[in-house]
Structures are given as structure tokens and as C-alpha cells.
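What follows is a set of notes on a single structure, which appears directly below.
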Amino acid sequence: EPGMPIEVLKFDRTLSKASEELAETWLAYDVSNGVGVAPTTDIAGWSSSQITCVLDTMLDKTNAGEANPLKLSTVKEFGDMYGLKETKNSEILFRYCRLAIHARDEDILPVVVHFITTQGRMKYIRPLYLDLFTCGYGVLAVKTFLSKKDFYHPIAAKMLAVDLKISVERRNRHVEGEQEEENEQKGDQNTIKLFPGVSSNKILVAIVIITGLAGIFALRRRK
């Protein structure tokens, strides 16, 4: 039957509640301008999902770091305490990088660049490229993208180009044009080697005349 279920399911929120509470504690510590003692909750035994939940809560409360970014000191203390910068878990590293970029933590930039150039999932690279672009690191974002654009899937590269307000197609045409010009120059050099002392234009005219005469002779032979 349509409508709400007869019985509302009750979920055990023990694990997620602990994550949310830790996030709220860090947010409160940030607002207090570092007054007091930073949270010391031991998360060594936590699953990656629990740590992800902490970061998600912090991102949600700060509007993904855009509206109310955490203070630089808070982000550094938070990351150092739990070793987030060195984690090999992409879900955790992705979220921490977003918080750090918006806090203008320049120490995280090499980590971000390595992260977005070693895998190409759009769920990771698009937000991080945009974060770099909108937080004062636009030159780094564009330079990194242009140097690695062929590494990404064509659709991902196209979307990133739109995000970064650059034209990959125009750049490609420019490169192709340079390559064609280079090939033509090489062709001219080879022609000059075959006919030293004769300009390439004169050689082209001679080729056209010879081709035309060959066509005329071929028609006469058919008649």
C-alpha cells in the first residue's frame, strides 16, 4: 500500500553518534579560538566509515568549508593528531584535503596535487580542483590540469576544463597547428635537400605542371 510504512525502523546510531559528537567538539574548539584543550579522543580503533563520518559532519557544518572555513591552526592540529595527511584511504584523504584547502593550509598542496594526478575519479578530482581554483590556488590548479589532462578520461578532462574556465579544444587545435607547421617545415627541408638551390615554391609549380601534362597525355592515349 502507498504511504509511510506501518512501523518506523529504528537504527542503531551508536557509532555515527560518536563520530558526530567528536566533530562537534572540534568545531566548538575552533570557534573558541583555541581556548582550552583540543579534543583527545582516541580513534585508533575506529573504522574508516566512522572517521569519514567525522569529516562529513565537519564539512556539512562549514558548508564544505566554503562559508565558514576552519581556522588554519585547528585544521593542522586536527590533521596532525589523527595522521590524516598520511592516510592511504582516499575517502578520508579527500575530505581532509577539502577542509585543509579552505583553511588555506599550503602544506597540504603537494598532497592534493599528488592525489588528483594519481587517480581520476570525478567524485574526488572535480571538488578538489574547484577548491584549489576558488581558494586562491587557481594558477596551481590550471597548471596541474594542463600537465595531466591526457591522464584523465576525456569526459573528466572536459568537465574539469569547464570548471577551470579553460578551453582544452582550443589548446589542442593550437598544438595540432604547431605540429602541422613543424611537419610542413620538415617537408620543405627534405625537398630542399633533394633539389638544392631551388625554392620550394618553384618545385610545387613544377609538380603541378607535370601532373597536368600527365593527365593530358593520358586522355589522348585513350582517344
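The values are calculated or read from the model by the stated rules, or taken from the named source; none is laboratory data. In this text the structure is predicted, and so the values were computed from the model without any measurement. With ideal geometry, Cβ positions are generated from the backbone for all residues, glycine too; neighbour counts draw on all protein chains shown. Areas reflect the complete protein model, heavy atoms only, side chains present, ligands, DNA and RNA absent. Shrake-Rupley method; radii C 1.70, N 1.55, O 1.52, S 1.80 Å.
Here the condition is being open to solvent by 30 Å² or more (accessible area, probe 1.4 Å) and on the phi > 0 side of the Ramachandran plot; of G120, G136, it holds for G136 alone. Comparison of I101, I116 shows that the only residue that is touching a Cys at 6+ places or on another chain (Cβ under 7 Å) and in contact (Cβ under 8 Å) with a residue 24 or more places away in the chain is I101.
Checking the stated criteria, T14 turns out not to satisfy the condition of being closer than 16 Å to K76 by Cα and open to solvent by 60 Å² or more (accessible area, probe 1.4 Å).
From D60, D56, D80, D30, which residue is of a type in the set (D, E), touching a residue at least 40 places away in the same chain (Cβ under 8 Å) and within 29 Å of V113 (Cα to Cα)?
Within the list D60, D56, D80, D30, the selection yields D30.
Elements of the type helices (runs of 4 or more DSSP H) sitting completely within region 1-84 and holding at least 1 residues that are within 24 Å of the chain's Cα centre (by Cα) and modelled with pLDDT of 90 or more: these cover 48-61, 72-82. Scanning region 88-97 turns up no residue that is over 25 Å from D163 (Cβ atoms), over 13 Å from the mean Cα position of the chain (by Cα) and of a type in the set (D, E). Just one of the numbered conditions (1) farther than 25 Å from H153 by Cα; (2) surrounded by fewer than 17 Cβ atoms within 10 Å (Cβ to Cβ); (3) of a type in the set (D, E) is not true of D105: (2).
Within the option set S90, S49, being open to solvent by 80 Å² or more (accessible area, probe 1.4 Å) and among the hydroxyl-bearing types (S, T, Y) holds for one residue only, S49.
Residues in region 54-87 that are hydrophobic (A, V, I, L, M, F, W, C) and open to solvent by 40 Å² or more (accessible area, probe 1.4 Å): A67, L72, M81.
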